[in-house]
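None of the figures in this text is laboratory data; all of them are computed from the coordinates on show. Because the structure is a prediction, the values reported are computed rather than measured. In this analysis, Cβ positions are derived from the backbone assuming ideal geometry, glycine residues included, and neighbour counts consider all displayed protein chains.
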Amino acid sequence: MDGGSSSALRIVWLYPDLLSTYGDRGNLLILVRRAQVRGLAVEAIEVRSDQAVPADGDIYLLGGGEDGPQALAAQRLAADGGLHRAIDRGAAVLAICAGYQLLGRSFFAKGAKYPGLELLDLDSDRGPSRAVGELVGEPDPALGLPTITGFENHGGRTHLGPGVRPLARVSAGIGNDGTTEGAWRDKIVGTYMHGPALARNPALADLVLGWATGAQLTPVDDTWPGRLRSERLGAVRTG
Ligand code: GLN
């Protein structure tokens, strides 16, 4: 964690009024819980789209959203600049679906092209159909994660540039383009997975917590997340 006014881990949930679909707020709850069971003090900060984005957070979370709210969120985050300053300070970011698309260079919403925040080397356009259903992938070995599982619902398709690596290779569903899913660089990760993503992928939660704290995290009891993962992954195999 970076200095700052408090020693607590500061987790910032951005724009819940615009970006929070399919239970994405659960990502905040999971991070808070998994930090607390490790004995870490945590401060959860919800920042609405009419409020300034604090630059002194340790982790920033963005959720999914409909096209209109997504375009508005991108505009306000660009004008605010707080997220860019936080990333320059070394903050970690987890962004879901609309939140993921708007971190890129450009995205489509309501038939028009919008500029993104240029925090990830990627562009999103529109696909031939809506991608709806279970999403499963084998993660980039560099991340040391097990199979990822999530629920996707998006019209966009995302094309990665050389400045990012795919989060995973798709084994079921569409993700970015039917071949790769999500993207990451440094301490920023974006994904199409709702579910919420961190309830289904506790190892991804710990990856983000590890990025933010620099600490080796002790194992926790993952019996219930394990059951959820087995049930969801089993549903895809037999579906
Ligand atoms: N509006 C975006 C799309 O349809 C993102 C949707 C979402 O966040 N679920 O591609």
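Things worth noting here:
- Put a plus charge on the Cβ of each Lys and Arg, a minus charge on the Cβ of each Asp and Glu, and nothing anywhere else: the dipole of the chain about its Cα centre is then about 300 debye.
- Considering only the chain, percent of DSSP beta bridges that pair antiparallel, nearest 5: 60 percent
- Highest-MSF residue in the chain out of Val47, Val12, Val208 [GNM, Cα springs under 10 Å]: Val47
- Per-residue ellipticity at 222 nm, computed for the chain from helices alone with -39500 (n - 2.57) per DSSP H run of at least four residues, works out to -8500 deg cm²/dmol.
- Of Leu204, Leu29, the sequence from fewest to most neighbouring Cβ atoms within 10 angstrom is Leu29, Leu204.
- When peptides 57-66, 91-100 are ranked by their average number of other Cβ atoms within 10 Å per residue, the highest-first order is 91-100, 57-66.
- Max-minus-min Cα coordinates of the chain on each principal axis give 48, 43, 31 Å, with the largest extent listed first.
- Potential extension, Ala52-Trp224 segment - 0.36 nm per residue separation minus Cα distance: 58.3 nm
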